[in-house]
Amino acid sequence: MAKTQTGDFSSRALAKNVVFSVVTFALNFFISFYITPRITNQFGSDTYGYMKLSNDFASYASLFSIALNSMASRFIMLERSRGNTEKARQYFSSVGVANTILAAIFVVPALLCVRYLDSLFEIAPALVWEVKLTYALTFTNFILQLFFSIYSNCYYITNTLYLSSLRTSQASILNAVTVLSLFFFFQPRLSYVVCGTLAATVFTVCANIHYTRKLTPDLRFRFADFSLRSVWTILSSGIWNSITQLSNLLTNQLDLLITNLFIGAATMGHLSVAKTVPNVIINFNATIANVFSPNLMRLYAEGDREGMKKAAKSAMRFMCLFVSLPNAILVTMGTQLYSLWVPSEPAQLLNVFAILTILNSCITGPLQPLYQIFTITNKVRENSLVMICYGFLYLGVVYLLLKTTDLGVYAILGTNLVGSLLVASFYHLPYAAKHIGLPRWEFFPEIGKSILSFVVVSAIGFGVRSLLDPSGSWLRWFAGAALTAMLGFICNLFLILHREERQFLLEKAGGKLRRLLGRGEA
């Protein structure tokens, strides 16, 4: 009964993914927590903004590879499950060769970008070399990831995503150790942050190659297996994912560049610092959401629409358990966080930027498992066209507001907030339901629960803040955040979950606790 009602809640793989995702989230937050104030104090927030912008540049370049790599695992898995091992190997090797060619091509524009970087942006003369080195390391990391990206598909192909989560957690530990060691033993430098990322990428590549050989010994990279037709087959399907990613780039990853060009480097620096915490939260939500994809794919392939509806709703409720907690803490205690974390920066302004960045996740967070429905039902083209139209409309509105009003950065953040909520409410929610044969309003009650959860947990946060007064003390701030999260999670168990889901989750947690206590007594 629990299996039917809770969908992925009964999966041990889900539990492992959640644990590893929480570990990764904590490590990434700790790195940002430790590094950001040291960089802003040493170089200024505008220089920190250039580091964030270098990652955005890598995202721009990834548009050309997403069309190929986003669909590779689907085609390989499909042929392998049908017993067509030779065809699966052909797809595997063809994507590997294509990635090798793309990686070689990207070397030239990367070198040109680094060479003329100070002509593209206004950079203080004393920091030109450091910023260029940071960009060079960032591009090296991107090219390395692209070159070996085919080996990252083994987890999805064999439905062992928990191993990918474990590898990500281990890479995050290595990243943290590398960055913290460099900052502790040497004079702080901007490029040290990318050195940690590069070390984590090298580890990840080695781990992916190892697991590919272990989990999929029938898949081997050989130039002789290259097929241009196989590349074209994947590209013709995956091109729509590139278009969707282009829309995401236009709406979420051009804000720093637009701020730099239209408003100034100082505001860009403030925005980049403010978005550090929201970006970690958003990435955490996306990581949790990914684990539900294989189960939804399986149910759709079996034609179990009722099971798919239950699994999708269960996934949304599971997301709601966590989404409101960091959002409410940021809303109620964010100003105190930024004043303690980066005391040289305008804390209240940073918190306003952060809230405008994260507020839409009350809807888009629980919605994330549903994004896979558009891929599963082969509605990728429709979704891509809607998103690219929204992306260009967003840019047009932002440009118009920047030229005709004094809103400044609020034009960028406000337009993104309102636009993302409209697209989610009028397209993703109703059409995700429609594509699996459900009424268009089927998923709206779960979103209502998410909004209610955010309001309730925020009320708890304001109460805790008035009780503990987290300003001026890290101990009080962490105590307030922990108390808010604990009380909010307990409330969410009753606000969000069905009785069967809550009972199942508590039984699992209780059983795990009893086993741990039993070992301790032994």
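The values are calculated or read from the model by the stated rules, or taken from the named source; none is laboratory data. Treat the numbers as computed from the prediction; the structure is a model and nothing was measured. Here the Cβ is made from the backbone with ideal geometry for all residues, glycine too, and neighbour counts use every protein chain on show. In case anyone asks, the SASA skips ligands and DNA or RNA and just uses the protein heavy atoms, side chains included. Shrake-Rupley method; radii C 1.70, N 1.55, O 1.52, S 1.80 Å.
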3J(HN,Hα) from dihedral phi, the range 75-88, Karplus parametrisation 6.51/-1.76/1.60, rounded to Hz, x for glycine, proline: 5, 5, 5, 4, 5, 5, 5, 7, x, 8, 4, 5, 5, 4
- request: Could you check the simple spin-label distance between Ser181 and Glu306, using points 7 Å along Cα→Cβ, in nm with one decimal?
  value: 5.7
query: Regarding the range 455-506, what is the average projected area of its C-alpha convex hull, in nm²?
result: 3.8
query: Which of the listed residues, Phe121, Phe147, Ala88, is farthest toward the dipole's positive end in the range 79-152, when Lys, Arg count +1 and Asp, Glu count -1 at the beta-carbon?
result: Ala88
query: For the range 256-261, in order, what is each residue's ³J(HN,Hα) by Karplus, 6.51 cos²θ - 1.76 cosθ + 1.60 with θ = phi - 60°, in whole Hz (x at glycine and Pro)?
result: 5, 5, 4, 4, 4, 6
statement: Excluding ligands, DNA and RNA, the carbon-plus-sulfur percentage of the accessible area of the range 223-316 with a 1.4 Å probe reads 59
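Over all pairs of distinct alpha carbons, what does the Kirkwood formula give as the hydrodynamic radius of the chain, in Å?
Working: mean 1/r = 0.0411 Å⁻¹.
Mean inverse Cα-Cα distance, inverted, gives 24.3 Å.
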task: Please work out how much accessible surface Tyr410 shows to a 1.4 Å probe, ignoring ligands, DNA and RNA, in Å² rounded to 10.
output: 100
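Let me have the 222 nm mean residue ellipticity of the chain computed from DSSP H runs of 4+ only, each contributing -39500 (n - 2.57), with the sum over all residues rounded to the nearest 500. Each step should come with its number before you reach the end.
On the way: 25 runs with 422 residues, N = 522.
Calculated from helices alone, the mean residue ellipticity at 222 nm is -27000 deg cm²/dmol.
Ranking request for peptides 315-323, 215-223: highest mean number of other beta-carbon atoms within 10 Å first, then the rest in descending order. Numbers along the way, then the final one.
Values: 315-323: 25.1, 215-223: 14.4.
Most protected by this proxy first, the peptides run 315-323, 215-223.
Quick one: which of 65-73, 177-185 comes out on top by average Cβ neighbours within 10 Å, and what's the full order, highest first?
Working: 65-73: 21.6, 177-185: 15.6.
The peptides rank, most packed first, as 65-73, 177-185.
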query: Of Ala328, Tyr399, Leu385, which is farthest on the positive side of the dipole of the range 309-406, counting Cα position, with +1 on Lys and Arg Cβ, -1 on Asp and Glu Cβ, and the Cα centre as origin?
result: Leu385
- request: Please calculate the 1.4 Å probe accessible area of His498, with all protein chains present, and give it to the nearest 10 Å².
  value: 80
- prompt: Mind listing the phi-derived Karplus ³J(HN,Hα) values for the range 139-149, rounded to whole Hz, using 6.51, -1.76 and 1.60 with θ = phi - 60°, and x for any glycine or proline?
  reply: 5, 4, 4, 5, 5, 5, 4, 5, 4, 10, 5
Net charge of Cβ neighbours under 15 Å - reference Cys362; Lys, Arg +1; Asp, Glu -1: +1
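Sorted by mean Cβ packing within 10 Å, highest first, what order do the peptides 79-87, 254-262, 303-311 take? Intermediate values should be presented prior to the final figure.
Working: 79-87: 13.6, 254-262: 19.3, 303-311: 16.0.
Packing order, densest peptide first, comes out as 254-262, 303-311, 79-87.
Once you've got the Cα coordinates, tell me which of Lys87/Lys379; Lys275/Lys313; Lys313/Lys434 are over 18 Å apart. It would help to have the intermediate numbers written out before the result.
Details: Lys87/Lys379 25 Å; Lys275/Lys313 29 Å; Lys313/Lys434 14 Å.
Those over the limit are Lys87/Lys379; Lys275/Lys313.
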